[in-house]
1. With unit charges on the beta carbons (Lys and Arg positive, Asp and Glu negative) and the dipole taken about the Cα centre of the chain, which residue among 56, 91, 3 sits farthest to the positive side?
2. Sorting check: for 68-79, 115-126, 88-99, which peptide has the highest mean count of neighbouring beta carbons within 10 Å, and how do the rest follow?
3. Over all directions, the average projected area of the alpha-carbon convex hull for the chain comes to how many nm²?
4. Taking a ≥ b ≥ c as the square roots of the Cα gyration tensor eigenvalues, with a/c under 1.5 meaning rounded and otherwise prolate when a/b beats b/c, else oblate, which class fits the range 78-126?
5. Relative contact order of the chain, please, whole-number percent, based on alpha carbon pairs below 8 angstrom and at least 6 residues apart.
6. Give, as a single signed number, the net charge of other residues whose beta carbon lies under 12 Å from the beta carbon of residue 27, with Lys and Arg counted +1 and Asp and Glu -1.
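Each reported figure results from applying straightforward, stated rules to the coordinates on display, with no laboratory input. Owing to the predicted nature of the structure, the values given are computational and were not obtained by experimental measurement. Glycine also receives a Cβ, built like all others from the backbone with ideal geometry; neighbour counts cover every protein chain displayed.
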Amino acid sequence: MGAPDPIDLSDLEATPPTGTLLAILGELPEHGGKEIIFTEGRFRTSIFIQKTEGGVGVFLNFCPHAGTPLNMFNEKFMDLRGKYLLCRTHGAMFDPKDGKCVRGPCKGKYLRAIAHTIKDGAIYSA
């Protein structure tokens, strides 16, 4: 069984419309991570973008084990070696390409990918 289909941001409670600019690739920080938070009334949605060797991953910022954001204090989502996405709550490690947990209490589960498109060096919600 593979990764679940990406989530359309428009299916969540607090999100922008399809086609919204999420980030400019060249403006992502050196470590490659960026958290984006959308709020609407009492609803809040946190996603993150992470540059990888092969491109970019866009995921819901929600650990499938603990239900907490992967980052605790900043926009760094990778482990110290820069190989895996790391949940700061309990140390679960996820493949940055598909979000599969490769180590930790949620091994085999996936982060939820966010549907997106990349055009002219920019990432947009799909």
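1. Toward the positive end, the furthest listed residue is 91.
2. So the peptides 68-79, 115-126, 88-99, ranked by packing, come out 88-99, 68-79, 115-126.
3. Average of the hull's projected areas for the chain equals 7.7 nm².
4. prolate
5. That works out to 29 percent.
6. With Lys, Arg at +1 and Asp, Glu at -1, the net is +1.
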